[in-house]
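**Q** Encoded as structure tokens, here's the structure I'll be asking about.
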């Protein structure tokens, strides 16, 4: 589980020194995503795929190797617009092979290539202008994200991290702009570089290795509310809480109500601790007041006392002064303990608010974004599975089957999922805690 947090903090910290133009481009993509809205896209996807299928059938019976090579070169190149730079050299080689016999490529094959290249745009613009704009910006930003993707992290996972962060910024700040984005990135960098964060990593791994019982989650939440990462950067605690809760949501799945009860119970316990520590401080201050009154009385008596009595009073006054010094030290310690208890209580209250129905909605909408982005990868995987066939004509015939089956299914899932994810994100962002 610590890996998830390391990936999140490491990914976001990279953006602290990113150019304003690049941050603006990413924010623009995210804002267009929120404007997509839920939609009934299946019929439009089916309609566009019928056009592709009709063209494919016309070419299928007269396909030659050069046609197939060119088609697959174009399909592969188009798929790269969705992806994050995978296998570019292979596609270039395939394109070169097709171009050698370019003169033999039929007119219908050319029409099919062009339709395949524009398929996603054709679908998007029929659904809505906002979706068309989102798809265009999404593709334009791919190069930017390729250049900044951490090693070992998939493109869809990286985009999901960025969307999660921007949703958190918008929910916390009530707005999203370049300044807020950079402040957030600076805070994640501060967390990423801190020594205290190792305690958080260890606790997450301990939870992951446990039986994930209610008691294991309770022990983790007790630690969770006690963490204070001291930093000069703004919003460090809020960011850490949001990131950890997203990880817990993914881990605990449908058991969020159980986790809610644990968090509320821990919150109640921390409130009780504050009351207890406050009463202890009040009691010590009362004890101090009693000692100070006794000291004042002794000093007043000292003024008119006999020489013999003054000697005894000097000893009593000295003892009282020592007790008062000790009591002041106790009060300072008790005051610091109360402050720490209050900080933990505030953390517990903040976490409780974040795990309200609204909080889980926000995290669920992030999960929807992730699942939609994974669909993109599955489309690429389908194309790869076809490209593994060595005989080019057989490749082409296989493509016809995939177009009418898996690829259309995945396109439907992608466009429908985008609408559902955007709707869920808007609901979470617009619902007040």
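We did not get these values from a lab; they are worked out from the coordinates using the rules stated. Source: prediction; values computed, not measured. Quick reminder, even Gly has a Cβ in these numbers, built from the backbone with ideal geometry, and neighbours come from all protein chains shown.
**Q** Order the peptides 132-138, 18-24 from the highest to the lowest mean number of other Cβ atoms within 10 Å of their residues. Could the numbers behind the result be given before it?
**A** On the way: 132-138: 19.1, 18-24: 13.9.
Going by the mean number of other Cβ atoms within 10 Å, highest first, we get 132-138, 18-24.
**Q** Estimate the FRET efficiency between residue 125 and residue 57 by the formula 1/(1 + (r/R0)^6), using the beta-carbon distance for r and 25 Å for R0, to the nearest 0.05.
**A** Values: r = 25 Å, r/R0 = 0.99.
Between residue 125 and residue 57 the formula returns 0.50.
**Q** Further, regarding this structure: Could you give the spread of the C-alpha atoms of region 236-298 along their three principal axes, from largest to smallest, in whole angstroms?
**A** Principal-axis extents of the Cα atoms in region 236-298, largest first: 68, 25, 10 Å.
**Q** Using the basic label-point model (7 angstrom from Cα toward the beta carbon), what is the residue 275 to residue 210 distance in nanometres?
**A** 2.6
**Q** I would also like to ask the following. What full-extension length gain, to one decimal in nm, is calculated for residue 353 and residue 337 as 0.36 nm per residue of separation minus the Cα-Cα distance? Intermediate values should be presented prior to the final figure.
**A** Numbers: separation 16, 0.36 × 16 = 5.76 nm, distance 2.42 nm.
Fully extending the segment from residue 353 to residue 337 adds 3.3 nm.
**Q** Also, I was wondering about something else. Considering all projection directions equally, how large on average is the shadow of the alpha-carbon convex hull of region 281-342, in square nanometres? Walk me through the numbers on the way to the answer.
**A** On the way: hull surface 15.9 nm².
Directional mean of the projected Cα hull area for region 281-342 stands at 4.0 nm².
**Q** Decide, for region 1-52, between rounded, prolate and oblate: order the square roots of the alpha carbon gyration tensor eigenvalues as a ≥ b ≥ c, take rounded if a/c falls under 1.5, and otherwise choose prolate if a/b is larger than b/c, else oblate.
**A** Values: a/c = 3.16, a/b = 1.99, b/c = 1.59.
Since a/c reaches 1.5 and a/b is larger than b/c, the shape of region 1-52 is classed as prolate.
**Q** What spacing in nm lies between the two simple spin-label points modelled at residue 316 and residue 258, each 7 Å away from Cα in the Cβ direction?
**A** 6.5
**Q** Taking R0 as 60 Å, what FRET efficiency do you get between residue 28 and residue 300 from their Cβ-Cβ distance, rounded to the nearest 0.05?
**A** Values: r = 77 Å, r/R0 = 1.28.
The value I calculate is 0.20.
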